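Here is the structure we will look at, set down as structure tokens.
The values are calculated or read from the model by the stated rules, or taken from the named source; none is laboratory data. No experiment lies behind these values; they were computed from the predicted model shown. For neighbour counting, all protein chains shown are included, and Cβ atoms are generated from backbone atoms with ideal geometry for every residue, glycine included.
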């Protein structure tokens with residue numbers, strides 16, 4: 001079961017990266033395409049980010065309501081982001097809801113009570129950027145979905161409210177993020193993020209309710225020379 005999920009995940013990510021590399025370049029764009037897809041001034045298609053969070057084992061819907069009960073585990077992450085260009089079929093499809101499609105690779109370190117844990121997370125996300133107050137504070141909102149592989153099962157995913165449960169190294173990944181930047185420097189962002197692992201109600205052959213890191217980070221966008 002787990003091996004099959006890993007194979008499908010790598011095929012899926014490889015297909016996304018293939019679209020990103022081989023995407024056609026548009027000869028021209030409509031004003032609507034430029035508003036939705038183009039990087040903002042002084043912003044690039046590539047991004048690098050650093051993130052720090054504290055682990056929490058409460059339910060995801062509680063965290064979305066800002067109800068936190070942190071554990072003694074910290075998470076440190078580095079991330080590479082790529083925004084697909086306007087002519088990419090995925091961007092054209094999601095442009096109907098004014099969203100940009102992005103491909104990401106995330107590597108994290110956790111100082112878990114069971115020992116150091118490394119987590120590898122390929123994922124994609126949709127990002128909404130068009131808000132009426134952007135000339136005062138440039139804002140984006142994003143939702144991401146992918147897979148997460150941990151070198152060991154975190155302690156919170158082995159026990160749920162002191163009851164032993166069935167955790168897995170490979171689980172589903174969800175990301176919720178809000179960013180802010182100065183209109184004069186949209187290439188630098190600070191962001192607030194929920195970094196969530198779970199078995200998705202048994203789909204990943206895992207009975208745990210998951211774990212979530214809640215924290216903040218910084219991102220810089222650029223273009224390759």
Could you grab me the full set of residues in the stretch 109-133 that are in a loop (DSSP other than H, G, I, E, B), over 16 Å from residue 177 (Cα atoms) and modelled with pLDDT under 90? 113, 114, 132
Name the residues in the stretch 69-93 that are over 20 Å from residue 44 (Cβ atoms) and touching a helix residue (DSSP H, G or I) at 6+ places or on another chain (Cβ under 9 Å), would you? 69, 71, 73, 89, 92
Surrounded by 17 or more Cβ atoms within 10 Å (Cβ to Cβ) and within 30 Å of residue 98 (Cβ to Cβ), is that true of residue 126? yes
